[in-house]
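Report on one structure; see the data block that follows.
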Amino acid sequence: QVQLVESGGGLVQPGGSLRLSCAASGITLSRYEMRWYRQAPGKQRELVATITSGGSTNYVDSVKGRFTMSRDNAKNTIYLQMNSLKPEDAAVYYCNARNVFGSYWGQGTQVTVSS
């Protein structure tokens with residue numbers, strides 16, 4: 001059974017940092033394209049960052065220079081380091097694993113940015 005479990009969300013002040021984690025079981029993350037999405041209340045789910053099986057990363061313009069996505073193959077975990085957080089970054093963040101064989105989602109972790 002495939003499970004993706006996100007963690008690391010919480011309340012942070014504007015300008016602060018958080019590191020989200022997504023730990024996988026049942027699949028080997030290095031064989032998948034991994035994505036972080038976010039969804040704020042009343043808004044559509046937005047693709048934030050991607051890391052390919054080859055390790056290439058890509059980011060939505062609004063987070064470039066502030067967010068960094070990485071993967072630890074030994075831990076079968078991906079991360080999203082979020083710096084200089086803004087109120088507009090507040091959302092539920094989801095990790096997603098996808099390849100030709102399927103697509104899997106985590107349950108999400110809440111990020112709140114507020115003073």
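What are the pairs with Cβ atoms under 9 angstrom where one residue, in the range 42-69, is open to solvent by less than 70 Å² (accessible area, probe 1.4 Å) and of a type in the set (Asp, Glu) and the other, located anywhere, is at pLDDT 95 or above and not in a loop (DSSP other than H, G, I, E, B)? Sequence gap at least six, or different chains.
Cβ pairs passing all conditions: Glu46/Tyr37; Glu46/Arg38; Glu46/Gln39; Glu46/Ser62; Glu46/Ala91.
Out of curiosity, is Thr77 touching a strand residue (DSSP E or B) at 6+ places or on another chain (Cβ under 9 Å) and within 18 Å of Gly10 (Cα to Cα)?
So Thr77 does not fit the description; no.
Failed condition for Ser114, given (1) under 30 Å from Gln1 (Cα atoms); (2) over 11 Å from the mean Cα position of the chain (by Cα), with all others met?
Condition not satisfied by Ser114: (1).
Suppose we keep only residues that are of a type in the set (Lys, Arg) and in a strand (DSSP E or B) within the range 4-37. Which one would you say is most open to solvent (accessible area, probe 1.4 Å)? Walk me through how you get there before you give the answer.
Residues of the range 4-37 that are of a type in the set (Lys, Arg), as a first pass: 19, 31, 35.
Filter once more, so that each one left must be in a strand (DSSP E or B): 19, 35.
Values: Arg19: 126, Arg35: 48 Å².
Of everything passing the filter in the range 4-37, Arg19 is most open to solvent (accessible area, probe 1.4 Å).
So for the range 85-106 (the condition being open to solvent by 60 Å² or more (accessible area, probe 1.4 Å), of a type in the set (Gly, Ala, Ser) and not in a strand (DSSP E or B)), does at least one residue qualify?
No, the range 85-106 contains no residue that is open to solvent by 60 Å² or more (accessible area, probe 1.4 Å), of a type in the set (Gly, Ala, Ser) and not in a strand (DSSP E or B).
The values are calculated or read from the model by the stated rules, or taken from the named source; none is laboratory data. What you see is a predicted model; the values in this text were computed from it and never measured. Positions of Cβ are generated from backbone atoms using ideal geometry, with glycine treated the same way; all protein chains shown enter the neighbour counts. Accessible surface is based on the protein model in full, side chains and every heavy atom, while ligands, DNA and RNA are left aside. Shrake-Rupley method; radii C 1.70, N 1.55, O 1.52, S 1.80 Å.
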